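The values are calculated or read from the model by the stated rules, or taken from the named source; none is laboratory data. The structure displayed is predicted, hence computed values, not measured ones. Note that we place each Cβ from the backbone using ideal geometry, even for glycine, and neighbour counts take in every protein chain shown.
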Amino acid sequence: MPQNNDTEIPLHISLFGAIRVATQSGTSIDITNQRARIILAILSINPGQSISRDLVSKLLWAGRFKPQARASLRQCLHDLKRELQRFDLDILEASNTQLAVKPDFINTDLNALETAIIERDDEQATQLLLEFTGKPLLADIDLGGDLKEWLASQRGQVENRLRVSTQHLLSTLRANGLNERHDALEEAWQGWSGVSRLRQRSGLAILPLKQIDEVGGEWFLADAVVDELSSRLGAFSGLALVGQTSVEAVAGASLTLPEMAERLGVTHFIEGAVHRSTSAVRLSMRLIEGASGKQIWSDQIIEPETYFFDQRKLIGENAVAGLSQAMGLKQNSQLVRTMTSSREAYALYLQGRTLTKRVTLQGGLPKAVELLEQALEIDPNFAECWTALAEAHIHVAVYTPSIERVALSEKAASCARRALELDPNQGYAFAILSIHEWTCFNPAGALEYAVEAYRLEPNNADVTLRLGSTLLYLGRTREALPYVEAAIEQDPVYGRNYVMLCVAHLNLRNLEAAERAGQRMVDLGTPGFHLGVAQAAAGEHEKAVETYYETRRYVGTMVMTPPGATDISDEARDFYLKTAAEGICSGNEEARQTYCNLIDMLHQTLLEPYDQTVAWPAIWMGHSDLVMKVFREKIHPANMPGLMSLWTDIDPIGRTLDHPDFMSFAEDIGMVEAWEKYGWPDLIPADPR
């Protein structure tokens, strides 16, 4: 916790960059024993919090026998106390099992930064962040994998803690109209955190394992191995594990390993195969260097089929141990998964999760729900399966022509709550609850759940994007952008992520960047609605109309017709989308009014009048009355993403924001409550009422 009065603290420790220790008067204390200096520093990250002696001895004397390591620690502590006693400093608290530093006797540069942020001293925080740029926490310490991995975890925790508090301060500055100070702090934060994120991390992608089956029948062991490895490797803070959505997209292309490594931004791959015969199952895995294709580690397991399921935890632990040794990594703590002991439930869970990801497969999502529900009938305490079922319900609401989208969101929330009852560390379950809170007109609650999800799973791209999208919906685009960019780093070949990036840049009037993100989205196979909108905003109306019209190729697959709508001919489809493209993108007011009238009619006649085919075009055309009517009456997971485009202050989109009833509308759907509690949007820096 931050100290109160720096002038009364006898010892000052610099944790950013190289470790430096000094007295209150500025006299440098040269602690010659390197490990003693490191011990003082790691205890000072969180003053007053104890660390076990066993952990410290393991971190600093990895590879030694435990009695030897403990003896070395005792000698090191003796040297440290002797150095400090020269300056009459007694700051260590040491028992037989625990170590700590007395919080009232030290101050650190990390503490000074946190104090400045908490006390809303933005100018001091800005100055400190500028000083710390290029200086990661406890840099240039290299005593092997154990300490390296622990430090990576500590850096990640500190960065997450600073990120949340800095964003609260930025919101306060914006709300008070202190725009120059807001921009200065934001630039300083981006400068430090951007460099911090570039700390040395190995990038890894797990390629889909080949499955060779001589027996036949449904069999998902290859998926099980990938699932187990992904879960365990995802716990390494020093490892950037790429999301499987991007991996599968790249693995399906005809690329060399170096090309795949560049596309995914990784240094290593895991590849392998599972071969089942009548007598045994053989699992082979290899760790490959991405740039060269060189094999640097391999393992093979041959056992009966029952062993592979019953001992998958052991297999995962052994494989991860070999991989981490080969890559110079070590997991901080044992990951506890709330998995099932039922082989049948686990197989159903894997099938359901696979189908949940294949959103365009005809009938795939309802089947995913069915399989996951069957798994939970077998094992109702399977927490990860409850989270997976929550996700499947959300996907049904978003990607199928349903008229029960709010009810599906409630089902998803119920599943997420059950998952959290069984395992409070299911971060993605909190992300599902964040989605549902919007359908309850509670954006403040949505933001709270999104922040908690990110606290628990900052390396999960879906969780990271949920926090970014929530901030986008609330109009806090500047704060959202780093999370959107981080999600792209985590899952770089997923078109959905670039939709968010395109809108974020459009909201910030970065028109070229918006078009680049939109084009990347289209290149990855996502319909180009948002690219067309970005091109129109940039004045490229002819190109924009063509881009928007091209989305007709996706109707029936990635673009669903509204629930209950009758089938129409290709000619009628093309005519409708041509009218839409011209109304949204041509810049012609007559064409805009024609399409506004058309979606007014659709809103009155469709079985699902709040469908995104009504809500999104209404926003893009600045059809303010319809926008406010739709979202006042119903927000659901499918139309919800349209809210992020409310904050594009470019005509005609900006007409809704300029409408005299906008603040009343924002209050009705809960946005004002969220702004009052957590900060006002970029375009409304203070309460205008």
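What the table below lists for this structure:
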| read-out | value |
| --- | --- |
| Entirely in region 35-152, the strands (runs of 3 or more DSSP E) that have 1 or more residues that are within 18 Å of LEU11 (Cα to Cα) and among the polar types (S, T, N, Q) | 106-108 |
| Region 356-369 - residue that is in a helix (DSSP H, G or I) and in contact (Cβ under 8 Å) with a residue 24 or more places away in the chain and, of those, farthest from ALA224 (Cα to Cα) | PRO366 |
| Unmet criterion (only one of (1) among the hydroxyl-bearing types (Ser, Thr, Tyr); (2) in a helix (DSSP H, G or I); (3) surrounded by fewer than 18 Cβ atoms within 10 Å (Cβ to Cβ)) for SER246 | (3) |
| Selection within region 361-394 - buried (at least 22 other Cβ atoms within 10 Å of the Cβ) and farther than 16 Å from ALA419 by Cα | LEU365, ALA368, LEU371 |
| Number of positions in region 401-424 that are hydroxyl-bearing (Ser, Thr, Tyr) and at pLDDT below 95 | 1 |
| Residue in region 481-504 that is surrounded by fewer than 23 Cβ atoms within 10 Å (Cβ to Cβ), over 17 Å from the mean Cα position of the chain (by Cα) and modelled with pLDDT of 90 or more present | no |
| Matching entry among THR561, THR566, THR551 (being in a loop (DSSP other than H, G, I, E, B) and without any contact (Cβ under 8 Å) to a residue 60 or more places away in the chain) | THR566 |
| Residues located in region 488-498, provided they are touching a residue at least 40 places away in the same chain (Cβ under 8 Å) and assigned to a helix (DSSP H, G or I) | GLU489, GLN490 |
| Single residue of region 659-689 satisfying the filter (in a loop (DSSP other than H, G, I, E, B) and at pLDDT 95 or above) that is nearest to PRO443 (Cα to Cα) | GLY670 |
| Residue count, region 395-419 (criterion: buried (at least 21 other Cβ atoms within 10 Å of the Cβ), closer than 15 Å to LEU376 by Cα and out of contact with any Pro (no Cβ under 9 Å at 6 or more places or on another chain)) | 3 |
| Residue among THR613, THR656, THR594 that is polar (S, T, N, Q), under 30 Å from LEU361 (Cα atoms) and part of a helix (DSSP H, G or I) | THR613 |
| Pick from region 505-515, criterion at negative phi and surrounded by fewer than 24 Cβ atoms within 10 Å (Cβ to Cβ), ranking: nearest to the chain's Cα centre (by Cα) | HIS505 |
| Candidate set: region 347-360, residues that are more than 14 Å from ILE394 (Cα to Cα) and in contact with a helix residue (DSSP H, G or I) (Cβ under 7 Å, 6 or more places away or on another chain); chosen: the one surrounded by the fewest Cβ atoms within 10 Å (Cβ to Cβ) | THR354 |
| Residue within region 260-273 that is part of a loop (DSSP other than H, G, I, E, B), assigned by TED's automatic domain parsing to the domain that holds TYR307 and touching a helix residue (DSSP H, G or I) at 6+ places or on another chain (Cβ under 6 Å) present | no |
